[in-house]
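None of the figures in this text is laboratory data; all of them are computed from the coordinates on show. These numbers were taken from a predicted model, which means no experiment stands behind them. No Cβ is skipped: glycine too gets one built from the backbone with ideal geometry, and neighbour counts run over all protein chains shown.
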Amino acid sequence: MSKIRKIKETESGIAFYELTTDWIRMTVSNLGCHIISLETRDRDGRFADIVLGYQDVTDCLTDGNCLGAVVGRVANRIGGGVFTLNGREYPVAKNCGPHHLHGGLKGFNRQIFRAEPIGEGIRFTYHSPDGEEGYPGNLDVTVTYLIKDDQVLINFDCVSDADTIVNLTNHAYFNLSGHNPSGAEEAFPEKIYEHELRIASDRIACLDDTGLTTARTLSVEGTPFDFRVPRKVGERIAEDHEQIRNAGGYDHSWILSDDHDQISLVHPGSGRSLTISTSYPVVQVYTANYLSGGAKGKHGKPYENRDGIALETQFISNSIQVEEEPKVILRAGVPFHAGILWTFGLIG
């Protein structure tokens, strides 16, 4: 049975909610729909927090790592900080070198949503006005977190009064080994190298040397990007491959070939597992290649590179520029929906 309760609200309107089942303990905030913590059991029945997060959620206002937040209007990059829609150019902030990233200078991860507990979860709503961060159209956004038994379901729904572009995802970073206790010197007992990753995907989208997704794709056969069967994340992450060099590790769109249970992550040491199903066509796998130097994490411990892995299901990065029929285009009055299901389990 799921239990939902409001645990805190600040004078500035930032609220926190606790969602629990026998399997999962999750805390979320209406600031950017952040997942503050997510605890699951290991094979010995011990709970530990398996997602990265800020020491203070308001640190997200000055940190660009989006730890556990919903990002949008458009997740990932838009090349050159400009896009063309219906023959008109729309300039957007260049907040990632020459490119636009995760919705801009004040994307959804830095906005306060209205929150409403509903049955087995929380419904967050936000009105993004026409012209916010350069995007056209008044966009009404609903993000729903539902929790049941060993699963977390994230639903994205929105509608715009004018043609626009939309690509919403949750930017959780996972480390299934779990956070160390507050007195430990390191945030985690180990980095993500020993995690075993499986992705139902035959191809990735390639990056140029600025980290921007191009129209070129690459077969994973015989490359460090072949996770069609489970492989350790660290097995080939340092290999001398052009695409590894361009990203400093993994930060690529894997084009999914199945319609459910497309991604799995296992930590053999703790026995924890995560399986992801999504309606999106792509997963962006990011191995926290540039995490060091950001805001403090939980217990005041600074996170380091490779302390977590983000598995961001979404439309392909830079869709508006690389797809002949960009899936990120949302036409006026047409409802948008996408879903992500996380199922947590144990291996023997």
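Descriptive notes on the structure:
- Exposed loop sites, defined as trypsin sites (Lys or Arg not before Pro) outside DSSP H, G, I, E and B with at most 16 other Cβ atoms within 10 Å, are absent from the longest region of the chain, namely 107-227.
- Comparing GLY294, GLY183, GLY72 in a Gaussian network model of the chain (Cα springs below 10 Å), the most mobile by mean-square fluctuation is GLY183.
- Region 53-64 - phi-based ³J(HN,Hα) in whole Hz, Karplus 6.51/-1.76/1.60, Gly and Pro as x: x, 7, 4, 10, 4, 6, 4, 4, 6, 10, 10, x
- Distance from region 37-61 to region 135-170 (C-alpha centre basis), Å: 23 Å
- Extension gain from THR214 to ALA184, taking 0.36 nm per residue of separation minus the Cα-Cα distance: 6.6 nm
- Among GLU133, GLU312, GLU239, residue whose mean-square fluctuation peaks in a GNM of the chain (springs only between Cα atoms under 10 Å): GLU239
- For the chain, averaging the sequence separation of C-alpha pairs within contact (under 8 Å, six or more residues apart) and dividing by the residue count gives a relative contact order of 18 percent.
- Residue pairs, from the table LYS6/LYS106; LYS148/LYS232; LYS6/LYS327, whose Cα atoms sit over 32 Å apart: LYS6/LYS327
- Rounded FRET efficiency, nearest 0.05, which uses the C-beta distance separating ASP163 from LYS3 and R0 of 41 Å: 0.50
- Charged-residue dipole, Cβ positions (Lys, Arg, Asp, Glu), region 225-310 about Cα centre, Debye nearest 20: 460 debye
- In this structure, TYR193 and ASN138 have a Cβ-Cβ separation that, at R0 = 56 Å, corresponds to a calculated FRET efficiency of about 0.80.
- For region 3-346, radius of gyration divided by Kirkwood radius, i.e. Rg to Rh on alpha-carbons: 0.94
- Prolate/oblate/rounded label for region 135-235 (Cα gyration tensor, a/c 1.5): oblate
- Length added when fully stretched, ARG46-ASP130, from 0.36 nm per residue minus Cα-Cα: 25.5 nm
- Summarising the amide proton neighbourhood of ILE36: residues at separation of 5 or more, or on other chains, whose placed amide H is nearer than 5 Å comprise THR27, VAL28, SER29.
- HN-Hα J in Hz across region 247-256 - Karplus 6.51, -1.76, 1.60, θ = phi - 60°, x for Gly and Pro: 10, x, x, 9, 7, 10, 8, 8, 7, 6
- Fully extended contour minus Cα-Cα distance, from GLU242 to SER292, at 0.36 nm per residue: 15.7 nm
- Highest-fluctuation residue, ALA184, ALA15, ALA48 considered, GNM on the chain with Cα pairs under 10 Å: ALA184
- Euclidean distance between Cα centres, region 197-259 to region 303-348, Å: 16 Å
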